[in-house]
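A short write-up of the structure that comes next.
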Amino acid sequence: MRPVSEGDMLTLRFGQHLIKASAVFLQTELSFALVNRKPVVPGHVLVCPLRPVERFRDLQPDEVTDLFITAQRVASLVEMHFNATSLTIAIQDGPEAGQTVKHVHIHVLPRKTGDFERNDSVYDELQKQDREDEDDPSKWRSEEEMAAEALDLRKQFEEP
Ligand code: AMW
């Protein structure tokens, strides 16, 4: 599962969104990881299959393998990079589970002591984020900010 450098990446599809190469920090044979335009906590990133299928059940076994190995690598990296001590890893699989982008994605959120007064509020924030996300672009991060974060993370994957 060789990382692909930014120069080799094309624009990738994430459901209805076209994701610039600058926001993608890891691409493997069957998966990619991107920074979030509206993170719930610092370092909240997404890991997706390259094939834009809607539901987890739509993935082939080799895609599930690649997706979860990629998520494991990404999770370890963002936990360290954002000085966290734990992780929330979640898939909202279907609209009733809160999925808004119709393309399977794993949320990876670095967690720290005291980041939420009530631990499970992280899930409320994920729900709230999605509702606000679609209709309030002023809350999205700038392309420059996202590119800078992706560059930082990409460099770490490229280190020998
Ligand atoms: W889902 O509600 O479908 O489980 O989560 C969608 C996630 O994708 C949210 O965290 C949202 O902030 C993020 N997101 C949506 N569109 C983009 C985009 N164009 N670039 C980066 N992140 C995005």
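Miscellaneous remarks
- Charge dipole (Cα centre; +1 on Lys/Arg Cβ, -1 on Asp/Glu Cβ; no other charges) of region 1-152 amounts to roughly 180 debye.
- Farthest toward the positive end of the dipole of the chain, out of Ala90, Gly15, Leu59, is the Cα of Leu59, where the dipole comes from beta carbon charges about the Cα centre.
- When each of the peptides 85-94, 18-27 is scored by the mean number of other C-beta atoms lying within 10 Å of its residues, the order from highest to lowest reads 18-27, 85-94.
- Filter on Lys102/Lys139; Lys102/Lys155; Lys20/Lys102; Lys38/Lys112 - keep pairs with C-alpha separation over 23 Å: Lys102/Lys155
- Only helices enter the 222 nm calculation for the chain: every DSSP H run of n ≥ 4 contributes -39,500 (n - 2.57), and dividing by all residues gives -11000 deg cm²/dmol, rounded to 500.
- Relative contact order, percent, the chain [alpha-carbon distance under 8 Å, six or more residues apart]: 27 percent
- Cleavage-rule hits (GluC sites (Glu not before Pro)) in region 61-160: DSSP loop, at most 12 neighbouring Cβ within 10 angstrom: Glu117
- Using a Förster distance of 22 Å, the FRET efficiency for Glu145-His17 (Cβ separation, nearest 0.05): 0.85
- Environment charge at Glu63 (Cβ cut-off 11 Å; Lys +1, Arg +1, Asp -1, Glu -1): -3
- FRET efficiency for the pair Lys38 and Asp62, taken as 1/(1 + (r/R0)^6) with r the Cβ-Cβ distance and R0 = 41 Å, rounds to 0.85.
- Formal net charge of residues neighbouring Leu30 (Cβ-Cβ distance under 9 Å; K, R +1; D, E -1): -3
- Global geometry of region 78-159, whether rounded, prolate or oblate, following the gyration tensor of its Cα atoms and the 1.5 cut on a/c: oblate
- Mean Kyte hydropathy of -1.0 or more with a Cα span along the axis of at least 18 Å, helices from DSSP in the chain: 61-81, 143-158
- Set of aspartates and glutamates near Lys128 by C-alpha distance (under 20 Å), chain-local residues within fewer than 8 positions excluded: Asp93, Glu96, Asp115, Glu117, Asp120, Asp136
- Relative contact order for region 63-158: 24 percent, from Cα pairs under 8 Å spaced at least 6 residues apart, divided by residue count.
- Added length on full extension, which subtracts the Cα-Cα distance from 0.36 nm per residue, Phe116 to Ile89: 8.1 nm
A short reminder: the numbers here are calculations on the coordinates, not readings from a lab. Predicted model only: the values in this text are computed from it and were never measured. Cβ: placed from backbone, ideal geometry, glycine included. Neighbour counts: every protein chain shown.
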